[in-house]
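Beneath this line is the structure, given in structure tokens, with notes to follow.
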Amino acid sequence: MNKMITAWLVFACFFILTGCEEDTGEFFIEQRDKEIYSEKINEVLRKEHWNYDDKSILYESGKVPDENAKSFDDIKRVSIKDGFDIEAYKGKEAVLASLRIFYFNNDEAGRANFYLIDDEIVCGYYSSSNKIYSISEIDVFSNDVFSGKAEDISKSCSFSEIKADEKFDGFEEGFWRNGSSVVGTISDEKVKFFKFKDNEFYLDREMDFSKEGLFPMDISFDNDGSVAVLLGKKKDMGKESIYSEADIQEMKKNGLTDAEINGAVILLADRIVFFDENYNTKFTPCVLEVSSYGSIAYTNGDVYVSRGKGVDIFSNQNGQFLKTKQYMLKQWVERIKASDIDGDGVNEFVMTDNTNLFIYHLEETATLLWRTHLSLESMSERFYIEDLNGDGIKEIYVSDIYLNTSAKYTLTDYGFKAFSVNYGKEYIPGDFNGDGKIDYIAVGNDDESYKVFIQD
């Protein structure tokens, strides 16, 4: 009898230690181990700001990938990138933990896989659209057009600070080439062009279209220094609300009255006018048949005009601009700019819906290259694209109007990576003194005073 009891106890201990069930053979993990594994996974994912549901983690028996595994080279590359020692553990028995991961705004990114041995993660990665990525690779390319192109983060430049006492609230766009430098902004319902001389900006030209009942909505410079201005007519909405009921309730929560909400005056796009580098009228105004246009990018002689979830191209035909092409997109476009980010001679079109950034190629079709997954209402609709460190790859600078800082997006081998730039509310790059080197402005947090930093 004692022998039978002893044998039963041995079997019971073996069952508990192995976690195997006699009949089903199901993989079993103690709750204590699940908590340890979950905490290890949490440390890795939270560091990179991934969202996930720790209750959805699926545990199973597995082996650390080795040369016999599909996509091993990619798994090894990205796992090593995040500091996991996969070489020391490849092919070994492990606990495989898998789960769905989500971006900051809860857009689904893919499925993450972690291999754990002795309570430590020895290999980790996530897969999306049949591709393998490092856990640290967030906002990856939708299309691999930037292959072999990346920001040289080791390259830097020195700057001399010039303090300016005047207020400055940024500009829509600038032009600098062949020693010429000018910035254009919309202020006080006018278009204003500034130049930089004797360590300060001075007003070079002011355009007022109000006598014609027109007001500026956006401006853009072409490659030769000529400029296009999108003009609109005011419409007093009166009691006619332009907002949804949900938007109205949210605005009321924020303290706005019915009069403030329903008394909105909006600008309806009316025409695009053109001026040369000396501010002389260049072409016949382009009268628009659609009033919902909101932003323009003037490049290579064509004007790309955003309207809702679309972008139309207007081309010069014997001095008149006519619509020649139309693209339909998946997101709303509040602001559009054109720039050759990677220096390959092809323009990228950077857009914002005021909560995210999107980069497209607009050729035969509209091809999405990359996007953020932030959905931040604090993202300023103003953004700037320049090569500040002179490595041949441009960066994108976007302001956060609530956190009073700017984010710099730099091109990497898998996507654009965001870095915080703590120089004030807005970080504005441009070749202000026309010497061929990019300078920058840092706008103050509170009083909109600014400092100019000229590259040495």
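Tabulated data for the structure shown
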read-out: Percent RCO, i.e. relative contact order, over the chain, from Cα pairs under 8 Å lying at least 6 residues apart; value: 13
read-out: Gyration tensor over alpha-carbon atoms, region 269-392, equivalent ellipsoid semi-axes in Å; value: 24, 18, 14
read-out: Counted charge near His373, where neighbours are those whose Cβ lies closer than 11 Å (Asp, Glu -1; Lys, Arg +1); value: -2
read-out: By accessible area with a 1.4 Å probe, ligands and nucleic acids excluded, highest first: order of His373, His49; value: His49, His373
read-out: Against the rule of thumb 2.2 N^0.38 Å, how large the Cα Rg of region 313-373 comes out; value: 1.22
read-out: Too-long pairs where the Cα-Cα distance tops 26 Å, listed order kept, from Lys81/Lys417; Lys282/Lys323; Lys40/Lys408; value: Lys40/Lys408
read-out: The chain, dipole about Cα centre (Lys/Arg Cβ +1, Asp/Glu Cβ -1), debye to the nearest 20; value: 640
read-out: Anchor Lys309: aspartates and glutamates whose Cα lies under 13 Å away (excluding residues fewer than 8 positions away in-chain); value: Glu334, Asp353
read-out: Average accessible area per residue (Å²) across the chain - probe 1.4 Å, nucleic acids and ligands excluded; value: 52
read-out: Pairs of Cα atoms farther than 37 Å apart, the chain, %; value: 40
read-out: With DNA, RNA and ligands ignored, accessible area of Tyr202 (1.4 Å probe; Å², nearest 10); value: 90
read-out: Heavy-atom SASA rank of Tyr279, Tyr126 (probe 1.4 Å, accessible area, largest first); value: Tyr279, Tyr126
read-out: Size of region 360-400 as Cα extents on the principal axes (Å, biggest first); value: 33, 31, 15
read-out: Mean separation of Cα contacts under 8 Å (6+ apart) over length of region 285-439, as relative contact order %; value: 12
read-out: Region 45-146 - Kirkwood radius from inverse mean 1/r over Cα pairs (Å); value: 14.0
read-out: Whole-number percent relative contact order across region 402-456, with pairs defined as alpha carbons under 8 Å at least 6 apart; value: 25
read-out: Carbon and sulfur %, accessible surface of the chain computed with the full protein complex present, 1.4 Å; value: 47
read-out: Solvent exposure, largest accessible area first (probe 1.4 Å, DNA, RNA and ligands not counted), of Glu35, Glu386; value: Glu35, Glu386
read-out: Computed over region 89-148, Cα set: Rg, Dmax in Å; value: 13.5, 41
read-out: Binned Cα-Cα distance frequencies in region 129-207 - 10 Å width, integer %; value: 12, 29, 21, 22, 14, 2
read-out: Computed E for Leu58/Leu203 - FRET, C-beta separation, R0 60 angstrom, nearest 0.05; value: 0.40
read-out: Straight-distance crosslink candidates among lysines, where the alpha carbon sits under 22 Å from Lys197 and sequence neighbours closer than 8 are dropped; value: Lys163, Lys167, Lys437, Lys451
read-out: Pairs of alpha carbons in region 329-404 whose separation is greater than 21 Å (percent); value: 27
read-out: Rounded, prolate or oblate (a/c below 1.5 giving rounded, otherwise prolate when a/b exceeds b/c) for region 87-238 by Cα gyration tensor; value: prolate
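The values are calculated or read from the model by the stated rules, or taken from the named source; none is laboratory data. Worth saying up front: this structure is predicted, and the values here are computed from it rather than measured. Backbone-built Cβ (ideal geometry, glycine too); neighbour counts: all protein chains shown. Surface areas here come from the heavy atoms of the whole protein model, side chains and all, with no ligands, DNA or RNA. Shrake-Rupley method; radii C 1.70, N 1.55, O 1.52, S 1.80 Å.
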